[in-house]
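The values are calculated or read from the model by the stated rules, or taken from the named source; none is laboratory data. Source: prediction; values computed, not measured. Heads up, the Cβs are rebuilt from the backbone with ideal geometry, glycines too, and the neighbour counts pull from every protein chain shown. Side chains included, ligands, DNA and RNA excluded: accessible areas come from the protein's heavy atoms. Shrake-Rupley method; radii C 1.70, N 1.55, O 1.52, S 1.80 Å.
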Amino acid sequence: MGYSSTTAVFLLLIVIPLSTAVLDSHYYDQTCPQAEHIISETIRNASLYDSKVPARLLRMFFHDCFVRGCDASILLDSTPGNKAEKDGPPNISIRSLYVIEQAKAKLEKACPRTVSCADIIAIAARDVVTQSGGPRWDVLKGRKDGKISKASETTANLPAPSFNITQLIQSFAKRGLEIKDLVALSGGHTLGFSHCSSFQSRLRSFTSTLDVDPTINAIFAESLRQKCPQHNRSPSAGTFLDTTSSKFDNDYYKQIVSGKGVFGSDQALLNDYRTKWIVESFARDEWFFFKEFAGSMVKLGNVGVKSLGDGQVRLKCSIVNSS
C-alpha cells in the first residue's frame, strides 16, 4: 500500500465514504455468467508467466480504491491536458496493468459492454490472494468505471510507508475503514517487494541523534543496509516484505512482532495499544487473519463506488468511452 515520497501528505485529502450504491455477488449471473472464470484464468496464466503479478494486482486494488474510490481510475492513461493517477509519484511502480486489459479484452468478446474494469480489478485482487494460498470471498459486483483520473491526487491520498499510527488511522477512517481494517489490510504486504527508497530513511540518519530507527531489529536493519548500500546501488535493489513473499499467509505479522517490519508504517502497528493486540492475534492465528482480511477487502471494495449516473462501463480500461 505504501510508497516512497518526501512530499507533504496532508494536503488535498479527499474524503471517500462507503458507497450507497448497491453491489451484488450475483450481479453478472445472467448477463455474463462466465465473467469470474475468464478473469481467474487470465490471472492464473499471467501469474505463471510472471511471479510478481499477484503482488502487483493486489497493490493496484488498494491504490485504486484509496483515490476516488474503487472505479478503475488508476488504469486511465494521461492525456495532453491531464496527467492521470498511474503517472503520479506513488503509482510509477504500479505494474501489470496489461493483465487487467487482457481480461477486459476477453470479456468484451464474451459479453460486450457488460463487465466494468473496476469489477475486474476487485475480482483480480481476490483471485491473486486465493491463488497464493489465502482466503476466498464472494466479490460484490456492479461497480462502474470513473471518468476522472488526476496524478495530483495520489500523493495526498495514499498512505506512505513512513506514516505513524495516527496518520494511518486517519487515512483509513476517511474511507470509512476502522482500525481492525487497517491492520488486516496491511497484511496484503505478505505478498510483494519494496525498493530501498521506501524504507532507506529508517536505516541511515534516522534522526539527528539516531542513525537507525530504534523500532527495527538491529540484525535485520544491518541486513537491509547490505541490500541497500548508500552508494552505487542498483535501481532494482530492495527486499521482500516477509520471508514467504509468494505465499499469502500471516508471516508478515510474525515479522512485525520480531521487529522486522520493512516499512515504518508496518512496525508502527506494533507500537500502539490500539493496533498491537490485533497484530499479535494475527501472528498467532492465521485463520483469524484470513477471516478479517476477507471481510475488510469486501469493505474496501465498497469505497466510493460509482453508479451509472456518474460512471460507465469502459470498452477499454485505459480510455474513457467517447460520448
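Taking the radius of gyration and the Kirkwood hydrodynamic radius from Cα positions alone, what is the Rg/Rh ratio for region 140-192, to two decimal places?
Numbers: Rg = 13.3 Å, Rh = 13.1 Å.
My calculation of the ratio gives 1.01.
Given a cut-off of 39 Å, what percent of all Cα-Cα pairs of the chain lie beyond it? It would help to have the intermediate numbers written out before the result.
Values: 5102 of 52003 pairs.
Cα-Cα pairs of the chain separated by over 39 Å account for 10 percent.
Which whole-number percent is the relative contact order of the chain (Cα, under 8 Å, 6+ apart)? Write out the running numbers ahead of the final one.
Working: 574 pairs, mean separation 90.9, N = 323.
Relative CO of the chain lands at 28 percent.
Using the Karplus curve 6.51 cos²θ - 1.76 cosθ + 1.60 with θ = phi - 60°, what ³J(HN,Hα) values do you get for each residue of region 257-272, in whole Hz, with x for Gly and Pro?
Couplings: 4, 8, x, 10, x, 6, 8, x, 5, 5, 5, 4, 5, 8, 9, 9 Hz.
Under unit Cβ charges (Lys, Arg +1; Asp, Glu -1), what dipole magnitude, rounded to 20 debye, does region 34-157 have relative to its Cα centre?
On the way: 19 positive and 15 negative charges, 4 e Å.
Result for region 34-157 is approximately 20 debye, rounded to the nearest 20.
First compute the accessible area of region 34-157 with a 1.4 Å probe, then give the percent of it belonging to carbon and sulfur atoms. Present the calculation step by step, with values, prior to reporting the outcome.
Working: 2360 of 4510 Å².
Of all accessible area on region 34-157, carbon and sulfur atoms account for 52 percent.
Tell me, what ³J(HN,Hα) does each residue in region 43-54 have, in order and in whole Hz, if you take phi through Karplus 6.51 cos²θ - 1.76 cosθ + 1.60 with θ = phi - 60° and put x for Gly and Pro?
5, 4, 5, 5, 5, 5, 6, 9, 5, 7, 4, x
Leaving out ligands and nucleic acids, note down the accessible area per residue over the chain with a 1.4 angstrom probe, in whole Å². Write out the running numbers ahead of the final one.
On the way: 14250 Å² over 323 residues.
Per residue, the chain has an accessible area of 44 Å².
Output wanted: per-residue J couplings in Hz (rounded whole) for region 220-234, from phi through Karplus 6.51 cos²θ - 1.76 cosθ + 1.60, θ = phi - 60°, x for Gly and Pro.
Result, rounded to whole Hz: 5, 4, 5, 5, 5, 4, 5, 6, 10, x, 5, 10, 6, 8, 5.
Suppose the Debye formula is applied to equal point scatterers at every Cα of region 165-301; what is log10 I(q)/I(0) at q = 0.09, 0.13, 0.21 Å⁻¹?
The Cα Debye sum returns log10 ratios of -0.27, -0.56, -1.28.
How large a share of the accessible area of region 165-301, in percent, is made up of carbon and sulfur atoms when the probe is 1.4 Å and the other protein chains stay in place? Present the calculation step by step, with values, prior to reporting the outcome.
Values: 3260 of 6170 Å².
C and S fraction of accessible area: 53 percent.
Hand me the tally of lysine pairs in region 80-234: alpha carbons under 16 angstrom apart, and the pair either on different chains or 8 or more positions apart.
So the count of such lysine pairs works out to 6.
Quick one: compute the contact order of region 165-301, relative version, from alpha carbon pairs under 8 angstrom and 6+ residues apart, as a percent.
Working: 170 pairs, mean separation 43.5, N = 137.
It comes to 32 percent, rounded to a whole number.
Quickly estimate the mean residue ellipticity at 222 nm for the chain, helices only: each DSSP H run with n ≥ 4 gives -39500 (n - 2.57), and the total goes over all residues, rounded to 500.
On the way: 12 runs with 126 residues, N = 323.
Mean residue ellipticity, 222 nm, calculated: -11500 deg cm²/dmol.
Amide H to amide H under 5 Å from K306: which residues, 5+ apart in sequence or cross-chain, H placed 1.01 Å off N in plane?
Placed amide hydrogens put K144 under 5 Å from K306.
If every alpha-carbon in region 34-157 counts as one equal scatterer, what log10 I(q)/I(0) does Debye give at q = 0.17 1/Å?
-0.83
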